[in-house]
Amino acid sequence: MRLPSNNEMEIYLAEIRKISEKSPCTHCQHSALILKNGVIIVTAYVGAPLFCIPCKERESIYDKCPMGEGEHKCFYPCPAIYAIARAAKNGVELEGCTIYLSKGTVCENCLPVIIEAGIKMIICDEKLEQKGSKINRTIQSMGRRMAIYRALTEESGIILIGK
């Protein structure tokens, strides 16, 4: 699989930053973009599923719990899951695709779904080795699960790239 150039990565990372701004979620403005043969085939951001009320329009316990304070777990799935679901709904094959993720890296819940979908490259809008980064905090908090995360990535042949 060909690695994208820095210029290509910046173009698509800029695009997912724009997509993130569309998210109606009050706390998690994350997005995902899936490419197949250099063409954007699906995008997604955190928000309510079809026909559900967005969190901005309902009183939410999360309004009382800003990010970084106490427990915060968004009710809605990660944008990677939404993007894969939209591709499946439209009959789009994801084998060999690349997924770009904003604001961090793939979470331990999404990685198995990404592997099963056949996506072969994950590009994150954050430096993987950046000290104090969300990715490193996630890796540290995952503890033992991180060994499984790394093993799954290696076994499936997925390439994980940070900005």
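The rows are residues; the columns are (1) at pLDDT 70 or above; (2) closer than 18 Å to residue 45 by Cβ.
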| residue | (1), (2) |
| --- | --- |
| 70 | no, no |
| 73 | no, yes |
| 86 | yes, yes |
| 107 | yes, yes |
| 122 | yes, yes |
| 136 | no, no |
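Give the residues of region 22-34 that are surrounded by fewer than 21 Cβ atoms within 10 Å (Cβ to Cβ) and in contact with a Ser or Thr (Cβ under 8 Å, 6 or more places away or on another chain), sorted by residue number.
22, 26, 29
Show the residue pairs that are 6+ apart or on different chains and have beta-carbon atoms under 8 Å apart, the first residue being within region 1-24 and more than 13 Å from residue 44 (Cα to Cα), the second being charged (D, E, K, R) and open to solvent by less than 50 Å² (accessible area, probe 1.4 Å).
From residues that are more than 13 Å from residue 44 (Cα to Cα), the pairs are 13/125.
The values are calculated or read from the model by the stated rules, or taken from the named source; none is laboratory data. Please read these numbers as outputs of a predicted model, since none were measured by experiment. Neighbour counts are summed over all protein chains in view; Cβ atoms, including those assigned to glycine, are modelled from backbone coordinates with ideal geometry. Please note that ligands, DNA and RNA were not included when accessible areas were found on the heavy atoms of the full protein model with its side chains. Shrake-Rupley method; radii C 1.70, N 1.55, O 1.52, S 1.80 Å.
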